[in-house]
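The values are calculated or read from the model by the stated rules, or taken from the named source; none is laboratory data. This one's a predicted model, so the numbers in the text were calculated from it and none came from an experiment. All Cβ positions, glycine included, derive from the backbone under ideal geometry; neighbour counts span all protein chains shown. To get the accessible areas, we keep the full protein, side chains included, count just its heavy atoms, and leave off ligands, DNA and RNA. Shrake-Rupley method; radii C 1.70, N 1.55, O 1.52, S 1.80 Å.
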Amino acid sequence: MPEIAARQGGALIGVVMGLIDKLFGAPRPSPTAPLYAAIIANGRQPHWYLDGAVPDTIDGRFDMIAAILALVLLRLEDDPSSAGRVAQLTEQFIDDMDGQLRESGIGDVGIGKNVGQMMSMLGGRLGAYREALASDDLAPALRRNLYRGNDPGEDAVAHVSAQLLGLRERLAGQESAAILAGQIG
């Protein structure tokens, strides 16, 4: 009898601790966390900024990550079963941008406006890269969206274009489950 009471007491403690963790503990990671981490890691690779002449600034890093995120989202759009994960990945991007803005000192009043602008920018990039990929010529979209009208030189644009087209090819050859697990490289 004492063993049964101990097991029941242990189960109750487990339930209570689970509830406390849920209310006060750290949030559980998103199911898209591995994929988002892979996108961020890819966007931070030095070659984008050295060989690709992407400005190593907050805006430049945002634009590079948005370009990679756009390619991933476009690939996952091809798989209707990934629709829920696409939404979660987009929400994770929003949450991350919200956190980044807060860390940079933007207050609550400006957060919504800035996040809204970032989402609009991401939407614009999705459209621009979708059109550019259809023609297999990313250069005009990169000049407008990644370099924001500045001329980094032909070699830099060619480098970024080749790398992003290579990423597109790798993503096209992978199952959605592998991509969602963070295997994008």
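Looking at the structure I just gave you, is residue 81 out of contact with any Asp or Glu (no Cβ under 8 Å at 6 or more places or on another chain), modelled with pLDDT under 90 and of a type in the set (Ser, Thr, Tyr)? So that I can check it myself, show each step before the final result.
Values: out of contact with any Asp or Glu (no Cβ under 8 Å at 6 or more places or on another chain): yes; modelled with pLDDT under 90: no; of a type in the set (Ser, Thr, Tyr): yes.
Spelling it out, it is not the case that residue 81 is out of contact with any Asp or Glu (no Cβ under 8 Å at 6 or more places or on another chain), modelled with pLDDT under 90 and of a type in the set (Ser, Thr, Tyr).
State yes or no: is residue 28 open to solvent by 80 Å² or more (accessible area, probe 1.4 Å) and either in a helix (DSSP H, G or I) or not small (Gly, Ala, Ser) (or both)? Before the answer, list the steps.
Working: open to solvent by 80 Å² or more (accessible area, probe 1.4 Å): yes; either in a helix (DSSP H, G or I) or not small (Gly, Ala, Ser) (or both): yes.
Against the criterion (open to solvent by 80 Å² or more (accessible area, probe 1.4 Å) and either in a helix (DSSP H, G or I) or not small (Gly, Ala, Ser) (or both)), residue 28 qualifies.
Condition first: surrounded by fewer than 16 Cβ atoms within 10 Å (Cβ to Cβ), touching a residue at least 60 places away in the same chain (Cβ under 8 Å) and over 19 Å from residue 124 (Cα atoms). Now tell me which residues in the range 79-92 satisfy that.
The answer is 79, 81.
Among the residues of the range 28-44, is there at least one that is modelled with pLDDT under 75, within 27 Å of the chain's Cα centre (by Cα) and among the hydrophobic types (A, V, I, L, M, F, W, C)?
no
Filter the range 125-158 down to the residues that are open to solvent by 40 Å² or more (accessible area, probe 1.4 Å) and closer than 23 Å to residue 90 by Cα and list them by number.
The answer is 130, 131, 134, 144, 148.
Go through (1) open to solvent by less than 20 Å² (accessible area, probe 1.4 Å); (2) within 10 Å of the chain's Cα centre (by Cα); (3) modelled with pLDDT under 90 for residue 70 and report which single condition fails.
(3)
Within the range 40-73, track down each residue that is more than 16 Å from residue 146 (Cα to Cα) and either touching a residue at least 60 places away in the same chain (Cβ under 8 Å) or in contact with a Cys (Cβ under 8 Å, 6 or more places away or on another chain) (or both).
Here is the first cut: in the range 40-73, the residues more than 16 Å from residue 146 (Cα to Cα) are 41, 72-73.
Passing the criteria: only 72.
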